[in-house]
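Note sheet for the following structure.
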Amino acid sequence: DVKVTQSSRYLVKRTGEKVFLECVQDMDHENMFWYRQDPGLGLRLIYFSYDVKMKEKGDIPEGYSVSREKKERFSLILESASTNQTSMYLCASIRAGVNEQYFGPGTRLTVT
Amino acid sequence: RKEVEQDPGPFNVPEGATVAFNCTYSNSASQSFFWYRQDCRKEPKLLMSVYSSGNEDGRFTAQLNRASQYISLLIRDSKLSDSATYLCVVNKRNSARQLTFGSGTQLTVLP
């Protein structure tokens with residue numbers, strides 16, 4: 001069974017803190033994605049990676065960075081969290097040449 | 001103009017009703033189209049891909065109109081378990097891997 005896991009379901013951080021969100025997939029997928037989902041705005045792509053150590057900016061990369069040291073793991077980093085980064089963060093993965101994206105359960109991050 | 005636009009709803013329909021959602025997209029070069037379903041407080045999951053000729057999966061029928069750049073989803077004989085948010089999804093310009101998600105249409109099926 002396909003599985004994408006995220007390190008936390010709920011997270012509360014203070015403004016200015018460095019935040020790490022981890023995502024692990026067990027399907028040997030090449031491509032991994034980080035989205036944020038906000039009411040009325042839908043899912044917006046932050047960053048994606050199509051191979052180890054490779055990354056590309058999505059639609060809203062400002063304030064975020066990513067790391068992919070191993071194929072199965074894709075990390076999202078908020079260098080200095082701000083209140084406007086309060087959101088639901090969803091990780092997804094997809095095999096090259098296939099269309100279906102598999103999502104993790106999401107991390108609801110609150111920055112106070 | 002948003003890349004993918006959906007009527008947010010909510011659509012409240014009685015059990016057994018037929019309900020249809022439409023979605024418009026702006027990128028005429030898009031090649032891949034999907035409907036995802038997202039239950040409350042859960043992650044999105046693929047419901048069905050949308051093919052040029054239209055396709056059906058049980059009570060669900062998806063249609064694509066390239067000329068008018070819209071996609072539709074028809075649900076027949078709706079069940080309580082169909083209550084969810086339905087996301088229209090299109091691949092981004094010049095990319096098969098990146099997807100653009102609509103903000104979703106909320107459906108509630110009432111007993």
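Search the stretch A:68-86 for residues being touching a Ser or Thr at 6+ places or on another chain (Cβ under 9 Å) and open to solvent by less than 40 Å² (accessible area, probe 1.4 Å), and hand back the single one that is nearest to A:Met32 (Cα to Cα).
A:Phe74
Give the stretch A:102-112 a look and list any residue that's more than 7 Å from chain B (Cβ to nearest Cβ), farther than 15 Å from A:Asp28 by Cα and out of contact with any Phe, Trp or Tyr (no Cβ under 7 Å at 6 or more places or on another chain), or say none.
Listed by number, the residues that qualify are A:Thr110, A:Val111, A:Thr112.
Taking A:Asn99 and the conditions (1) more than 11 Å from chain B (Cβ to nearest Cβ); (2) open to solvent by less than 70 Å² (accessible area, probe 1.4 Å); (3) over 13 Å from the mean Cα position of the chain (by Cα), which numbered condition does it fall short on, given that it satisfies the others?
All conditions are met except number (1).
Can you pull out every residue in the stretch B:20-38 that is more than 30 Å from A:Lys3 (Cα to Cα) and either loosely packed, with under 15 Cβ neighbours inside 10 Å or in contact with a Phe, Trp or Tyr (Cβ under 6 Å, 6 or more places away or on another chain) (or both)?
B:Ala20, B:Asn22, B:Thr24, B:Ser26, B:Ser28, B:Ala29
Kindly check whether there is at least one residue in the stretch B:58-72 that is open to solvent by less than 70 Å² (accessible area, probe 1.4 Å), of a type in the set (Lys, Arg) and in a strand (DSSP E or B).
Taking every residue of the stretch B:58-72 in turn, none turns out to be open to solvent by less than 70 Å² (accessible area, probe 1.4 Å), of a type in the set (Lys, Arg) and in a strand (DSSP E or B).
Could you say whether any residue in the stretch B:39-53 is among the charged types (D, E, K, R), outside any strand (DSSP E or B) and open to solvent by 80 Å² or more (accessible area, probe 1.4 Å)?
Taking every residue of the stretch B:39-53 in turn, at least one turns out to be among the charged types (D, E, K, R), outside any strand (DSSP E or B) and open to solvent by 80 Å² or more (accessible area, probe 1.4 Å).
Among the residues of the stretch B:28-57, count how many are among the hydroxyl-bearing types (Ser, Thr, Tyr) and touching a residue at least 24 places away in the same chain (Cβ under 8 Å).
Qualifying residue count for the region: 4.
May I ask you to list the residues in the stretch A:53-96 that are more than 15 Å from the chain's Cα centre (by Cα) and within 13 Å of chain B (Cβ to nearest Cβ)?
Scanning the stretch A:53-96 gives A:Arg95, A:Ala96.
The values are calculated or read from the model by the stated rules, or taken from the named source; none is laboratory data. This structure is a prediction, so every number in the text was calculated from the model and none was measured. Note: ideal-geometry Cβ built from the backbone for every residue, glycine included; neighbour counts use all protein chains shown. Side chains included, ligands, DNA and RNA excluded: accessible areas come from the protein's heavy atoms. Shrake-Rupley method; radii C 1.70, N 1.55, O 1.52, S 1.80 Å.
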